[in-house]
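Any read-out appearing in this document is the output of simple, stated calculations on the displayed coordinates, not a laboratory observation. Computed from a predicted structure; not experimentally measured. Note: ideal-geometry Cβ built from the backbone for every residue, glycine included; neighbour counts use all protein chains shown.
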Amino acid sequence: MKKVTILGAGISGLATAYWLHKDGYDVTILEAKGEAGGAMETIREDGFLIDFGPNSGLETTPLIHELADEVGLSSEMIYANESANKRYILRNNELYPLPTTPQAFIKTKLFSTKAKLRVAAEPFIGKSNDGYYQSMAQFVRRRLGQEFLDYAIDPFVSGVFAGDPNKLSVKSAFPKLYRLEEVYGGLVKGMIKGAKERKQRAEQSKQSAKMFSFVNGMQSFPKAIAEQLKEHVLYGCRVTNVERASTELSTKGWKVLYEKDGKLNEIISDYILSTIPAHTASKIFSSLDKEFVNHADNIFYPPVMILYLGFRKDQIARPLDGFGYLIPSKEQKIFLGSIWSSTIFPNRCDDDKAAFTLFIGGARSPNLFEMEKEKLIDKVLHEFKEITKVNGEPIFMKERMWQKAIPQYNIGYIEHENYFDKFEKDNPGIFIGGNFRGGISVGDCVKNSEIVFNKIKSSVPL
Ligand SMILES: Cc1cc2nc3c(=O)[nH]c(=O)nc-3n(C[C@H](O)[C@H](O)[C@H](O)COP(=O)(O)OP(=O)(O)OC[C@H]3O[C@@H](n4cnc5c(N)ncnc54)[C@H](O)[C@@H]3O)c2cc1C
């Protein structure tokens, strides 16, 4: 039985652990916190169900449903209300639905006629030679024009990465978009041809994939996987170092050192899979290669504050008929947007109440938190109430600060990606996974977990 030690019980570590365990590997997961989930964090308080991490996922791969089914959670899997397809964008203090059909795009007041004509010219824009070192903003500006960048892509990027399109690498952060140009010569051409390819792979595009959650919130998923793995998941275990099991090069295996209850422990195993954030992994793997730090510590994780608000429905003067809204940087508001949590999924609060999840900070304004917290929240509340047409004070409010929230796949990320590939080759049996490799969404994490599972199966350890 090959032994595998997995660092981190977030969705990335747990999904791979589940498949390895099922395949007969001797799996141990070391998790620093007292429960499974990592960024997938759900609590229930005063009748509100609060997701502080992902509020939903996109079912871009059948693996999600299969896994939920196997861990006994498929009956709790829920899909977003139809109206959640409607997403609003703020422009000049008005909310406009983001057009999702060509007809709606022609009619919308969100974009000027000039911007629409510029978007229509996309199939005639040639390929660039800028290669990997292009920001998302450069790519979109060239293909679709400045206004589409400002009022569609900039808010979209902040909704996904809490990121800045001027800094994110189009190749690393949005590889499928980049590929449409690289392989097919353009976005429209690529979307038509790409749909056929996805059909063959039984995958869904992010635009057409169904949005899912669970009756008891997103953390139910990692928790249910962890329950299946039972005593193989060790909580309260903070990994501090990974080294060769012996200085004798002929001795096999890797040694993982971890602290539990103030005591240092060790495990020797054939394989190590790390799914902890890059800034934590940097200290753990630097004893094997000093260069690790230069890559892992240079991955920026901006701070994000989640502000969860509850109001009585009679305090709200506008219909909550959508997913929520995103705010373009140009609009210069203090927060990034708001998800209308109780519209999207049922049972988020009582029927006479409404729940909202607001995002603050991110790569757009990482220094915002130098402001006193109460003052910041007051300003956010003021703007939110004006935009959402809400009167009076919230009946429920709870915030969660993520000091290092989401890894930014910024320009030059390709060098980190290449380095981690090289590190794995130089250290057979060690795999570096988690959301800073291959995509940050829950769907991408699950897809990558399967890729890592197959890599482990087909590899020969030290
Ligand atoms: C605020 C926020 C909102 C998001 N919204 C969405 C969304 O709506 N949709 C979507 O698809 N995705 C969203 N994401 C992204 C997605 O949730 C994450 O990318 C994904 O859950 C990451 O999973 P992971 O297992 O790779 O890492 P993590 O969930 O970060 O898990 C890593 C685990 O490692 C543990 N750990 C860290 N250090 C150590 C150590 N030294 N020893 C042992 N254990 C350690 C941590 O405690 C953690 O449990 C969001 C993320 C955040 C933060």
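Helices that extend 15 Å or more along their long axis by alpha-carbon positions and average at least -1.0 on the Kyte-Doolittle scale are, among the DSSP H runs of the chain, 11-22, 373-388, 442-457. Each other residue within a Cβ distance under 13 Å of GLU372 adds +1 if Lys or Arg and -1 if Asp or Glu, for a net charge of 0. Positive contributions from Lys and Arg (+1) and negative ones from Asp and Glu (-1), summed over other residues with Cβ under 15 Å from the Cβ of LYS22, come out at -4. Taking packing as the residue-averaged number of other Cβ atoms within 10 angstrom, the listed peptides 124-135, 273-284 run from highest to lowest as 273-284, 124-135. Please compute the net charge surrounding PHE48, taking Lys and Arg as +1 and Asp and Glu as -1 over other residues with Cβ under 11 Å from its Cβ. Taking every other residue near PHE48 into account, the sum is 0. When shorter helices are ignored and each DSSP H run of at least 4 residues is given -39500 (n - 2.57), the per-residue value for the chain at 222 nm works out to -9500 deg cm²/dmol. How are the C-alpha pair distances of the chain spread across 20 Å bins, as whole percents from the shortest bin up? So the P(r) values, bin by bin, are 23, 56, 20, 1.
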